[in-house]
Structures are given as structure tokens and as C-alpha cells.
Amino acid sequence: MRTFYITTPIYYVNGEPHAGHAYTTIAADVLARYHRIKGDEVFFLTGVDEHGANVHKAAENAGLAPQDYCDKMAPIFVKLWKRLNISHDIFMRTTSDMHKRGAEKFLTALYDSGDVYKGAYEGHYCRPCERFVPEKELTDEKICPIHKLPLEWLEEENYFFKLSKYQDRLLAHFHDNPDFAYPAARRNELLSVLDSGLEDISISRSSVSWGISLPFDPEHIVYVWIEALMNYMTALGYETDSEQYRTFWPADVHIMAKDISRFHALIWPAMLMAVNLPLPKQVVAHGWLTKDGEALSKTRGIVIDMDTDIDTYGLDAFRYYLLREFSFGNDGDYRPARLHARYNADLANDLGNLLNRVLGLVNKNFEGIPAPTTPGEFDDEIKEMAQTTVDKLDDHINAFAFDAALETIWEFVRRINRYIQQTQVWTLAKPETKPRMGTILYNSLEALRFISVLISPFIPETAEKIQKQIGLSAFDTTAEWGRLPVDITVSRGDPIFPRVDTKQQKQTQPEKAAKPKPKKAEKTTDLVSFADFQKLDLRVARILAAEPIEGADRLLKLQVDLGTEKRQVVAGIAEHYTPDTLVGKQVIIVANLEPATIRNVESHGMVLAGSGDSVVLATVETEMPLGTQIK
Ligand code: MSP
């Protein structure tokens, strides 16, 4: 059996967890769940980093002894992970005995390797990073390049690790394993750090008291970062060379945000090289989750209110939004209005309505799931698409492209909606066509079962609800076509994504971007004549390309195909759609609108969209030939 060991960073307990921590942990959860349904033996680690000066200070501020403070904070993380349906196998704490003993064993081995020496250290220190900032990263202002805060001058006697000695071996490792540091932007960043030369690093602090003593000099406390990295091994039972440790080390994926990839992809591998242990296979770093384009900061009031959003839309919608909306390596701005739009369009409309419709038709026309006795047009295409969806999904997940993975599944969801439409299945209830109706409905239900398996790593509660409504008694994780038994009784439960009251959403989500829109309908109560209406030339078009317009945050430049001609149109939808999600979509264009030049860009027509609390493009229910007139 293949094994898969995945880790999140262990988060500092000097503050409560927020949506940024949730993002990493949900992404790791998706990978763990995906590998489980593929049949791998999975070990998924998350946890907390409890030592160091910052945690000590937070404990003092709270008026608690450090251990009592950690004992109070750790359960807050556990509680959040439970709420977010995180399926970790271990919640690691660095104040545990297992970790302490394992770290001592590792430190002894590191010392015995001959790569540790004692020396004086003075330099510019960043408290939040808990690190000396190397000379070459220093600016004249002496501020931390990550935290943008002034650095402190610190002089200490420290133990050092000969990181510089591993420069060439690390470079060779990067070259031999092009995906070791992932994605490419991170790899290139790390390669340039390597190229500019590595300095030895101090691995102890004499000014810190909350931590683990160095086994070879108990006067010194191990630097919290060096200690924390070891948790990935101590958690498995490195200290006793346990069966679990031998099964799962080295880790397959260490996942994190880009802030800490240097520790994981340079320092940690060098430490492992020094003690002759295998290196993790991949260090993967995603971008920052931001709010209104700014880094999250509780003190500055830049926070994401995930509690309200989860209460309003449900956990699965929150998970779906985080993974569907942002491209993994890049920063992503969190917008409740976009969550709302995704909820309505992708979840309630595409998926929720499909389930409802199919179950309704089965209930109305059959006793249980009908047997697929009468093949016909489109059936083979559906079956083939099910398989290609599985393959494409695998490629995307292996590339950590969660957005593309979900889009691939949704292409299949939309294809099944179209299948129902194309076959006009609801018209086939007459005795002579009923067998064909049964086959179409069997295929649609089997597609829904398939979809439930594929979405289960992302939105596990929804996946279970779907299988329950189909009538399966135990969750079937196999993505193989034709497994759905016949004659089982489908139920028609509550809608899986019920309508969300937008008034409630508005009250709980005061949003900068959501300025009240003038109510056009109220202003223009005058009726238009049919002749006037007929003057409008509304047509179906397909978006071929989309790109931002410099200096205009709300606008996108679109190239659209009207069947007989191609046009350029400017649309004010940039706050609601990213360019890559638009390409391929069918939209409705006002084709005979006077051309206009908007921000120096010519626009020949207008794209129609529903615009209220959110903006959702108007489209046709199933694909139509380009240029079709809307009347
Ligand atoms: N304790 C160290 C990690 C030691 S791992 C051996 C640490 N802790 S932390 O609490 O600061 O967590 C940093 C991690 O939290 C990031 O790498 C990322 O995974 C997650 N995030 C924190 N804020 C985030 C965002 N705003 N956006 C995305 N991820 C964020 O560093």
C-alpha cells in the first residue's frame, strides 16, 4: 500500500487561529482526504508550536504560567479544526513528552555530526520571526523584510549550525528534484537565496527560558524554529524508532504559506543531511489570504469573519470558496460577496438543483433507481467524461491546483445538467419511452454518485448528503462507473444548499465594496413599448479571452465570439470574476449598443449581469449556438 504523510505548519499559540491558518489546514485536509479515497495509507499532522519568546510573552500578558497558557490555547485550535471538519491523525503539541524526548535525540545526533559549534552572536533580531535577519536582507532602515517592524540589536553566546557547509548539496538537491520546492516561484526565490550564499545559523538562545534545553549544554535553550521543525519526525515516534516512524518518514508534503518556506526547504533539509536522514519529498508554499488587499492583522482590524460566513453559508460553502476562488501559489483576497456568488451559482444552482431535479424525476416516475436498459444518445459521452474527469482531477491535485480541480468537476456537473436538458428526459414518461427515461435517470444518478466521490475531499458533508439522498447506506468512495445499485430507494431530502437570505447576509457582512446600488426599477417605472424592446439586439456570445485593464480595478477587457464576428467589450465585473474563470463561458451581449471608449479601451457592446449584493453573469440555461438572439 502506498503511504502519504502530509503536514501543516505547527501554529504559534501566541494568538488565536484565523482564516489564514484555516486556509492551509483545509488545503492539507483536502490532500489527506483525496489520498485516503485513492486507497493510500495516510498520516496527516497538524498542531501547535508552544515554545519561544513570543509565546512566553503572550502568557505573561495573559497573567498565566507558560504551560497553563499553552494548555488554554491548544484546545482553541482543536475546536476550530473540528468545526472546519479537519481529518488530522495527530494534533501535535511541542510541550508533549514525546516531542521533548525526540527533539533531544535529534539535537544530540546533530551535535555528534560535528556540525554544531559555539560562538558569539550579535545582529539584528526580529522578535515576531524569532530570528536574526542576515546582513544581506537588511535595509538602511533596519526593518524586518517580512513584518516591516524595526529590528532589535541583540548580542548573545550561541550554538551555531554549519548551514553554509550544505550549500552545494542543497543546490544539487534542488536541481535533481525540480518539484522539491513548489511552486516554481518559490523554488526560484529559494534558488536565489542559495546562489547568494548561506550563512551558518544560531540554533540556541541564552536569553530565552521557555523551551527545550540543549542536551549537550543545558544552560542554552534550543531556538524555537529548530525545535519546531523536528516535530514532523518526533510526532511519528522518531525517539523510539517506532513502526509508524519507519512507515511514514520522510514526509510526502510539508504545506505552508510562503513566509516560512526557507525554514522548510533550506534549513530543515540541511539539518536532515547532517544527521543522515531522508529529506521530505516536497515543500509546498501557497500565497497569503488577504482582506481588502491587506495582510490579516487583528491589531489593525484586518480580519476575516469566518464564523459569520460559515453560519450564513455552511462550512462546505466556505471550504469550497477558499479552494475554488484562489489560485494556490498566489495571494488571494477574501470577499464575502464572492462567496455569496459562488454559493448561488456553483453550489445551489449547478449542483443543488441538479440533485433536486434528478431525485424529483425518479420519485415521480419510478419506485426505486431504474435499471439502465435502454442506451441512447450522449450516454457514452457522459461515461467517458466521468473517467476523464477523474484523470484530470488527479493531475490538478498533484499540482496543488485546487481551483482547476474543482472547475474540472463542475464541468462535469454542468454537462449532466445539459444531458438532462438535451434528452428532455421529463417528456419521456409515456410507456414506450419510459425505459429510455429510466436509463437517463440511472446515468444521471450514477453521475451524481461519481460527483459526490470527487467532491468528497473538498466538501465532505455535502458528498455524504448526496449519497444519502441517492439512497446509499454507506459512503461509496469508488470512482468507477456503473457501481450504483438499481432498485434502491432515493429520498428527497432538504435542499443541500438552501437559499440564503441576502438581507441577513447584508446585515452581518458590512462590506466596503458593497455600496448600495440605486434601485433602477423604482426610478424608471415608465413602461416601454414592445417595439422599443425589440430595438435591443441581445445575443448569445462566448468569452474567448479576459484581461484586467490597468488602473481600472473594476473593469475587465473581454474578447467575445458572436458566431458571425468577434468583438471587444469592457465589463465592470473585475471585483466579482477573475479573468481565468470567464474564458469559455456563454454570456448575453447587447450587440447593438453604441460603441464607447472606457478608460481608453474600446467597447463594442455590453455584457448582461444580475447586479445586486453580488454580480452574476446572465447566461442561457444550456449552451446555444453563438449569435442566437434572445427575445
Ligand atoms: N510556528 C511557526 C511554524 C513552525 S512549522 C515547523 C509559524 N507559525 S504561525 O502561526 O505563524 O503560522 C504560519 C503559517 O500560518 C503560514 O505559513 C500559513 O500556513 C498560515 N498562515 C498564517 N497567516 C496566513 C495568511 N494570511 N494566509 C495564508 N496562510 C496564513 O510560522
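Would you list the membrane-span-like helices of the chain, meaning whole DSSP H runs whose alpha-carbon atoms span at least 20 Å along their axis and whose mean Kyte-Doolittle value is at least 0.0?
Membrane-span-like by this criterion, though nothing is claimed about a membrane: 19-37, 434-455.
Sort the following peptides by mean Cβ neighbour count (other Cβ atoms within 10 Å, averaged over residues), highest first: 615-621, 440-446.
Answer by packing, highest mean first, reads 440-446, 615-621.
I need the shape label for the range 446-494. Rule: rounded when a/c is under 1.5, else prolate if a/b > b/c, else oblate, with a, b, c from the alpha carbon gyration tensor.
oblate
Testing the spin-label approximation: label points 7 Å from Cα along Cα→Cβ at S209 and K136. State their distance in nm.
Simple spin-label model gives 3.8 nm for this pair.
Calculate the dipole size of the chain relative to its Cα centre from +1 charges on Lys and Arg beta carbons and -1 charges on Asp and Glu beta carbons; express the result in debye to the nearest 20.
With Lys and Arg at +1 and Asp and Glu at -1, about 2100 debye.
Run the quick spin-label model on Q424 and D112: label points 7 Å from Cα toward the beta carbon, then report their separation in nm to one decimal.
Computed distance between label sites Q424 and D112 equals 8.0 nm.
How large, in Å, is the range 207-274 by the Kirkwood hydrodynamic radius built from its alpha-carbon pairs?
Evaluated over the range 207-274, this radius sits at 13.5 Å.
In whole angstrom, how far apart do the alpha carbon centroids of the range 288-327 and the range 3-77 sit?
Distance between centres, Cα-based: 18 Å.
Calculate, in nm to one decimal, what V590 and L608 gain on full extension: separation in residues at 0.36 nm each, minus their alpha carbon distance.
So the extension gain works out to 5.7 nm.
Starting at 0 and stepping by 5 Å, how many percent of the alpha carbon pairs of the range 192-345 end up in each bin?
Computed distribution, short to long bins: 2, 7, 12, 14, 14, 13, 13, 11, 8, 4, 1, 0, 0.
Would you please give the FRET efficiency between L544 and D391, computed as 1/(1 + (r/R0)^6) with r the Cβ-Cβ distance and R0 = 22 Å, to the nearest 0.05?
0.25
D for the chain, whole µm²/s, Stokes-Einstein with Kirkwood Rh over alpha-carbon pairs at 10 °C and 1.306 mPa s: what number?
Rounded to a whole number, D works out at 58 µm²/s.
Using the Cα centre of the chain as origin and beta-carbon charges of +1 (Lys, Arg) and -1 (Asp, Glu), tell me which of A541, P215, Y5 is placed farthest towards the positive end of the dipole.
Positive-most Cα among the choices belongs to A541.
What does the charge count near P485 come to, summing +1 for each Lys or Arg and -1 for each Asp or Glu among other residues with Cβ under 13 Å from its Cβ?
Net local charge, P485 excluded: -1.
How would you order 310-317, 246-253 from highest to lowest mean count of nearby Cβ atoms within 10 Å?
Highest-to-lowest ranking by the protection proxy: 310-317, 246-253.
Could you tell me which residue out of H35, Y334, L617 lies farthest along the dipole of the chain toward its positive end? Charges go on the beta carbon: Lys and Arg +1, Asp and Glu -1, centred on the Cα centre.
Farthest towards the positive end: L617.
Hey, what did the range 1-143 get for relative contact order, percent, Cα under 8 Å, at least 6 apart?
In percent, rounded to a whole number, it is 25.
Show that you can apply the helix-only estimate: for the chain, add -39,500 (n - 2.57) for every DSSP H stretch of four or more residues, divide by all residues, and state [θ] at 222 nm to the nearest 500.
Computed mean residue ellipticity for the chain: -12000 deg cm²/dmol.
For the chain, give the share of DSSP beta bridges that are antiparallel, in percent and rounded to the nearest 5; count only bridges with both residues there.
In the chain, DSSP labels about 70 percent of beta bridges as antiparallel.
Cα atoms only: what Rg and Dmax, in Å, come out for the range 311-448?
Rg then Dmax for the range 311-448, in Å: 17.3, 57.
Show F530, F106, F216 ordered by accessible area, largest first, where the area counts protein heavy atoms only and the probe is 1.4 Å.
Largest to smallest exposure gives the sequence F530, F216, F106.
Under 8 Å for C-alpha pairs, at least 6 residues apart: give me the relative contact order for the chain, rounded to a whole percent.
10 percent
FRET efficiency for S196 and D259, Cβ-Cβ distance as r, R0 = 25 Å, nearest 0.05?
Computed FRET efficiency for S196 and D259 comes out at 0.85.
Based on the Cβ-Cβ distance from D305 to A474, what FRET efficiency comes out when R0 is 30 Å, to the nearest 0.05?
Efficiency at R0 = 30 Å is approximately 0.25.
Any chance you could check the Cα centroid distance between the range 236-272 and the range 556-615 for me, in angstrom?
Computed from Cα coordinates, the inter-centre distance equals 48 Å.
Starting from the Cα-Cα distance between D40 and R483, subtract it from 0.36 nm times their residue separation and give me the gain in nm to one decimal.
Computed gain between D40 and R483 is 157.4 nm.
For each cysteine in the chain, check whether another cysteine's C-beta sits under 4.7 Å from its C-beta; list those where none does.
C70
Find how much the distance from N363 to E122 grows on full extension, using 0.36 nm per residue of separation minus their present alpha carbon separation; answer in nm with one decimal.
79.2 nm
Specify the inter-centroid distance of the range 396-473 and the range 142-196, based on alpha-carbon positions, in whole Å.
If we compute the Cα centre of each part, the gap is 47 Å.
Please list 406-412, 262-268 highest first by mean number of surrounding beta-carbon atoms within 10 Å per residue.
262-268, 406-412
Calculate the spin-label point distance for S242 paired with N349, positioning each point 7 Å from the Cα along the beta-carbon direction, and give it in nanometres.
Placing both labels 7 Å beyond Cα along the Cβ direction yields 5.0 nm.
State, to one decimal in nm², a quarter of the convex hull surface area for the C-alpha atoms of the range 162-267, i.e. the direction-averaged projected area.
For the range 162-267, the mean projected area of the Cα convex hull comes to 8.0 nm².
The values are calculated or read from the model by the stated rules, or taken from the named source; none is laboratory data. As the structure is a computational prediction, the values presented were derived from the model and not from experiment. In this analysis, Cβ positions are derived from the backbone assuming ideal geometry, glycine residues included, and neighbour counts consider all displayed protein chains. Just the protein is used for accessible areas: all its heavy atoms, side chains included, with ligands, DNA and RNA removed. Shrake-Rupley method; radii C 1.70, N 1.55, O 1.52, S 1.80 Å.
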